[in-house]
Amino acid sequence: MGDRVEEPIDLVRLSLDERVVVKMRNDRELVGKLHAYDQHLNMVLGDVEETVTSMEVDEETFEELITTEKREIKMLFVRGDGIILISPPIRGAGQ
(Lines give C-alpha, C1' and ligand atoms only; values in the text may rest on other atoms or scores of the structure.)
Protein backbone atom coordinates (compact mmCIF):
# COMPACT_ATOMS: atom_id res chain seq x y z
CA MET A 1 0.00 0.00 0.00
CA GLY A 2 2.44 2.72 1.21
CA ASP A 3 2.64 5.86 -0.92
CA ARG A 4 1.37 4.25 -4.13
CA VAL A 5 -1.56 5.77 -5.97
CA GLU A 6 -3.62 3.11 -7.69
CA GLU A 7 -7.09 4.60 -7.26
CA PRO A 8 -8.34 8.20 -6.91
CA ILE A 9 -9.22 7.64 -3.25
CA ASP A 10 -5.52 6.92 -2.60
CA LEU A 11 -4.80 10.64 -3.03
CA VAL A 12 -7.20 11.34 -0.19
CA ARG A 13 -5.56 8.63 1.96
CA LEU A 14 -2.13 10.19 1.35
CA SER A 15 -3.52 13.57 2.46
CA LEU A 16 -4.47 12.42 5.97
CA ASP A 17 -3.16 14.84 8.63
CA GLU A 18 -2.37 17.37 5.88
CA ARG A 19 -4.10 20.63 4.96
CA VAL A 20 -6.39 20.18 1.96
CA VAL A 21 -8.64 22.44 -0.09
CA VAL A 22 -12.20 21.16 -0.53
CA LYS A 23 -14.49 22.89 -3.02
CA MET A 24 -18.16 22.42 -2.22
CA ARG A 25 -21.48 23.05 -3.93
CA ASN A 26 -23.01 26.51 -3.59
CA ASP A 27 -19.68 28.35 -3.99
CA ARG A 28 -18.19 27.20 -0.69
CA GLU A 29 -14.52 26.44 -0.19
CA LEU A 30 -12.97 24.78 2.85
CA VAL A 31 -9.30 24.70 3.80
CA GLY A 32 -8.43 22.50 6.74
CA LYS A 33 -6.52 19.55 8.14
CA LEU A 34 -7.95 16.20 7.02
CA HIS A 35 -8.47 14.01 10.09
CA ALA A 36 -10.69 11.24 8.67
CA TYR A 37 -12.74 10.17 5.63
CA ASP A 38 -14.81 7.22 4.47
CA GLN A 39 -15.74 5.54 1.19
CA HIS A 40 -18.48 8.16 0.58
CA LEU A 41 -15.90 10.97 1.02
CA ASN A 42 -17.56 12.12 4.22
CA MET A 43 -14.74 13.94 5.98
CA VAL A 44 -13.72 15.35 9.32
CA LEU A 45 -11.64 18.51 8.95
CA GLY A 46 -9.94 20.46 11.71
CA ASP A 47 -8.91 24.13 11.95
CA VAL A 48 -11.10 24.95 8.96
CA GLU A 49 -11.39 28.24 7.14
CA GLU A 50 -14.66 28.38 5.21
CA THR A 51 -15.10 30.88 2.38
CA VAL A 52 -18.57 31.46 0.94
CA THR A 53 -18.76 33.48 -2.28
CA SER A 54 -22.05 35.00 -3.41
CA MET A 55 -23.06 37.15 -6.36
CA GLU A 56 -25.90 39.62 -6.53
CA VAL A 57 -26.98 41.88 -9.36
CA ASP A 58 -27.68 45.55 -8.61
CA GLU A 59 -31.22 46.13 -9.90
CA GLU A 60 -30.48 49.71 -10.96
CA THR A 61 -27.09 49.35 -12.67
CA PHE A 62 -27.21 45.60 -13.39
CA GLU A 63 -23.68 45.45 -12.02
CA GLU A 64 -22.58 42.11 -10.55
CA LEU A 65 -21.62 42.45 -6.90
CA ILE A 66 -19.45 39.61 -5.64
CA THR A 67 -19.03 39.21 -1.90
CA THR A 68 -17.06 36.72 0.15
CA GLU A 69 -17.61 35.77 3.77
CA LYS A 70 -15.05 33.88 5.80
CA ARG A 71 -15.29 32.09 9.12
CA GLU A 72 -13.09 29.76 11.11
CA ILE A 73 -14.38 26.47 12.48
CA LYS A 74 -12.42 24.30 14.94
CA MET A 75 -13.84 20.93 13.78
CA LEU A 76 -16.20 20.19 10.90
CA PHE A 77 -17.95 17.12 9.51
CA VAL A 78 -18.33 17.42 5.73
CA ARG A 79 -20.87 15.29 3.93
CA GLY A 80 -19.33 13.71 0.84
CA ASP A 81 -22.21 14.32 -1.58
CA GLY A 82 -21.59 18.09 -1.40
CA ILE A 83 -17.94 17.86 -2.47
CA ILE A 84 -16.94 18.94 -5.98
CA LEU A 85 -13.16 18.51 -5.65
CA ILE A 86 -10.40 17.86 -3.16
CA SER A 87 -6.96 19.31 -3.68
CA PRO A 88 -4.21 17.41 -1.87
CA PRO A 89 -1.28 19.37 -0.43
CA ILE A 90 1.47 20.34 -2.84
CA ARG A 91 4.49 18.17 -2.32
CA GLY A 92 7.67 19.89 -3.50
CA ALA A 93 11.14 18.49 -4.12
CA GLY A 94 12.19 19.46 -0.60
CA GLN A 95 9.46 17.43 1.10
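The values are calculated or read from the model by the stated rules, or taken from the named source; none is laboratory data. Just so we're clear, the structure is a prediction, and the values are computed from it rather than from any experiment. Ideal geometry is used to build each Cβ from the backbone, glycine not excepted, and the neighbour counts take in all protein chains shown. The area values use the complete protein model at the heavy-atom level, side chains included, leaving out ligands, DNA and RNA. Shrake-Rupley method; radii C 1.70, N 1.55, O 1.52, S 1.80 Å.
Just one of the listed residues (Arg71, Arg19, Arg13) is basic (Lys, Arg), without any contact (Cβ under 8 Å) to a residue 60 or more places away in the chain and open to solvent by 70 Å² or more (accessible area, probe 1.4 Å), and it is Arg71.
Among the residues in segment 49-63, are any surrounded by fewer than 14 Cβ atoms within 10 Å (Cβ to Cβ), closer than 24 Å to Lys74 by Cβ, of a type outside the set (D, E, K, R) and touching a residue at least 40 places away in the same chain (Cβ under 8 Å)? No, segment 49-63 has no match at all. Annotation note: of Ser15, Ser54, the sole residue that is out of contact with any Asp or Glu (no Cβ under 8 Å at 6 or more places or on another chain) and among the small types (Gly, Ala, Ser) is Ser15.
Against the criterion of being touching a helix residue (DSSP H, G or I) at 6+ places or on another chain (Cβ under 8 Å) and open to solvent by 50 Å² or more (accessible area, probe 1.4 Å), His35 does not qualify. Scanning segment 38-80 for residues that are polar (S, T, N, Q) and either touching a helix residue (DSSP H, G or I) at 6+ places or on another chain (Cβ under 8 Å) or assigned to a loop (DSSP other than H, G, I, E, B) (or both), we see that the one that is farthest from Leu11 (Cα to Cα) is Thr61.
Pick from segment 74-95 the residues that are over 15 Å from Val21 (Cβ atoms) and at pLDDT 90 or above: which of them is least open to solvent (accessible area, probe 1.4 Å)?
Result: Gly80.
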